[in-house]
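Reading through the structure tokens given below for one structure.
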Amino acid sequence: QEPFVADEYIERLAWRTPGGGSRGGEAFDPKRLLEEFVNHIQELQVMDERIQRKVEKLEQQCQKEAKEFAKKVQELQKSNQVAFQHFQELDEHISYVATKVCHLGDQLEGVNTPRQRAVEAQKLMKYFNEFLDGELKSDVFTNSEKIKEAADIIQKLHLIAQELPFDRFSEVKSKIASKYHDLECQLIQEFTSAQRRGEISRMREVAAVLLHFKGYSHCVDVYIKQCQEGAFLRNDVFEDAAILCQRVNKQVGEIFSNPETVLAKLIQNIFEVKLQSYVKDQLEEHRKSDAEQYLKNLYDLYTRTANLSSKLMEFNLGTDKQTFLSKLIKAIFISYLENYIEVEIGYLKSRSAMILQRYYDSKNHQKRSIGTGGIQDLKERLRQRTNLPLGPSIDTHGETFLSQEVVVNLLQETKQAFERCHRLSDPSDLPKNAFRIFSMLVEFLCTEHIDYALETGLAGIPSSDSKNANLYFLDVVHQANTIFHLFDKQFNDHLMPLISSSPKLSECLQKKKDIIEQMEVKLDMGIDRTLNCMIGQMKHILAAEQKKTDFKPEDENNVLIQYTNACVKVCGYVRKQVEKIRNSMDGKNVDTVLMELGVRFHRLIYEHLQQYSYSCMGGMLAICDVAEYRKCAKDFKIALVLQLFDTLHALCNLLVVAPDNLKQVCSGEQLANLDKNILHSFVQLRVDYRSARLARHFS
């Protein structure tokens, strides 16, 4: 039995044999084990011979059965060939008979068709005679249940009557036409009743009969009219229309042979009657009295109509359903869309002006007129070149006249205008209309609000020699910077998609660039004058607080302060201004303005120190002051400014260094590259400069 392993088989045989299971033990009997192996081998040989004989017998039997099967297969092949031959003969016979039958059928049809036509003509002549006699006796005309057959007959008679001369057959033609009309009305009435009962199969039968009548279109009209009964009961006429069309779309194919035409006619009726009257009622109410509500309603109604059109695109309405639906929408809104952009611009202009005026009124501010013309242009050019305030300074009381709320309102109005423009403008007019809306935004946001605030802010900057001046222009800068970001975001998010593929793109970009550059000039001018005022404030502090005795004390041995009071106040003032600049600006502008302030701050301190004479202890105090100024300069985080104060600190060392070490200090790393006149000017500030020894060492 499988799986067979010889080693295991031998082991099992040895184990079963007495005296063969313990190798080397006392009970182990090799002779008996050998005898058992020999006997078992003989048994296996006998078994092998028996199995071999059985195998040979089975092989002989298999060969015999294979021969018999092959013989049987040959017989079946022969009988199959015979059957195939019989099948071919039968097929040929059937083809022959079919040909004969077709030929016979053609002959019969050739005989029967004229006969049927003759019978049909005879019947029509019979019915025609009844009309001619003026008495309809046939059951087909008197039995209301045979209205379908009567309709077929009268329709054919009506066609025949049209070919007859009027003078001889006017009376019969009139009777046939009257019956034609009566049957047509009966069929339409039957269709109407079946529709009210909801009998789709009867409606289909009647519609098929009416298809050949002139009143078939009237049948369709009746169907459309009855479909709409009770369909528009809710406030949402658009949703009702979509549900109605969806219901009719499922039904119309079971009734009419041309369902796409019927459905298209229903949709046309809904658009031209229901939707048009609804749109007119909604828009005419506010067209002249409330532009805001009118524009909102127009956008909402047009959007909902377009959405309904998108839903209807799923139905089969014929070949060019896109054009069909577009024409229907255009027919409803054309009178409103023709002057849409004029209404939009007019509303946007009045609304923006109202938002600004309401803001200035809330501030009790009478808006100044920013003059234009030759005088103003001349002042502007002079101011840009000289950076001097022309005209009296205005006290704004800390008011920037910039409002994020106003800006958000203006941008929101413009955003809605862009959305309406995108939806309501003709594709060819879209870039032009979007540009007009953008121009309104530039006029009211940039010119009337931001530019006015900058002009007012510039006029509010005090002169550089004013004492205790309040500097609010940096607040204007901060708010203007925030507004610029919002303005730029709307430009990219809402205007760019409307003009990206048109020539108006370059025009809009240039307009944006011009307005920003114009404002940047005024911002730069205001920042420069503000920095001048800061330096002026520092000068006032130094002039008021710094005393000559600070650096040449009467008692050299009794100096208790680490730095002067003037230094403390100047550093406190500078730190506040640095923080204000950081809060008012962002990006590289912060570093640029701080570097300019730092350079001017250094020049002020440098020139200030040149005004005094220094004793040894006074020089030490000056070094302490400059060290404090340098610590203050670190807040700028500008390498150039810190380097300038490092150099100034090194120069102050010349005020206290021993005369013998002057040359060594002057040739040091920080002072070696300075002009000798600068070094000399600082040495001259020492009270002991006139001594022959010091002059000799420095010469």
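Taking the Cα centre as origin and putting +1 on Lys and Arg beta-carbons and -1 on Asp and Glu beta-carbons, what dipole magnitude results for the range 299-372, to the nearest 20 debye?
About 380 debye.
Provide the FRET efficiency to the nearest 0.05 for the residue 634-residue 422 pair, computing r from the beta carbons and using R0 = 60 Å.
0.65
Would you work out if the range 491-585 is rounded, prolate or oblate? Take a ≥ b ≥ c from the square roots of the eigenvalues of the alpha-carbon gyration tensor; rounded if a/c is under 1.5, else prolate when a/b is larger than b/c, oblate otherwise.
prolate
How about the range 182-234: which trypsin sites (Lys or Arg not before Pro) there lie in a loop by DSSP and see at most 14 other Cβ atoms within 10 Å?
214, 234
Which one, 447, 434, 424, projects farthest toward the positive side of the charge dipole computed for the range 398-545 from Cβ point charges (K/R +1, D/E -1)?
424
Just the number: Rg to Rh for the range 559-699, Cα atoms, Kirkwood Rh, two decimals.
Ratio of gyration radius to Kirkwood radius: 1.02.
About the Cα centre of the range 552-697, how large is the charge dipole given +1 on each Lys and Arg Cβ and -1 on each Asp and Glu Cβ? Please answer in debye to the nearest 20.
The dipole magnitude comes to about 200 debye.
What do you get for GluC sites (Glu not before Pro) in the range 265-325 restricted to DSSP loop and a cutoff of at most 15 other Cβ within 10 Å of the site's Cβ?
Sparse-neighbourhood loop GluC sites (Glu not before Pro): 285, 314.
For the cross-link pairs 214/274; 580/634; 539/588, which exceed 23 Å when the distance is taken from alpha carbon to alpha carbon?
214/274; 539/588
Give me the net charge of residue 244's neighbourhood, meaning all other residues with Cβ under 13 Å from the Cβ of residue 244; Lys, Arg count +1, Asp, Glu -1.
+2
If we count every other residue with Cβ under 10 angstrom of residue 269's Cβ, Lys/Arg +1 and Asp/Glu -1, where does the sum land?
Around residue 269, the surrounding residues sum to +1.
Need the C-alpha centroid separation for the range 493-518 versus the range 197-254, integer Å.
Answer, in whole Å: 52.
Could you tell me which residue out of 574, 563, 593 lies farthest along the dipole of the range 552-697 toward its positive end? Charges go on the beta carbon: Lys and Arg +1, Asp and Glu -1, centred on the Cα centre.
Sorting the options by dipole projection puts first 593.
Based on the alpha carbon coordinates of the range 398-545, what radius of gyration and maximum Cα-Cα distance (Dmax) apply, in Å?
Looking at the range 398-545, its Cα Rg and Dmax stand at 19.3, 72 Å.
Please report the net charge: other residues with Cβ closer than 13 Å to the Cβ of residue 679, K and R +1, D and E -1.
Once all neighbours under 13 Å are counted, the net charge is +2.
Cross-link partners among lysines for residue 280, C-alpha distance below 16 Å, same-chain residues fewer than 8 apart left out?
Within the straight-line cut-off, residue 280 pairs with 288, 296, 330.
So, with +1 on the Cβ of K and R and -1 on the Cβ of D and E, and no other charges, what is the size of the charge dipole of the range 398-545 about its Cα centre, to the nearest 20 debye?
Around 300 debye, computed over the range 398-545.
Roughly how far apart, in whole Å, are the Cα centres of the range 620-695 and the range 61-107?
128 Å
Where a number appears in this text, it was derived from the coordinates with a stated rule and is not lab data. Because the structure is predicted, anything quoted here is derived from the model rather than measured. Here the Cβ is made from the backbone with ideal geometry for all residues, glycine too, and neighbour counts use every protein chain on show.
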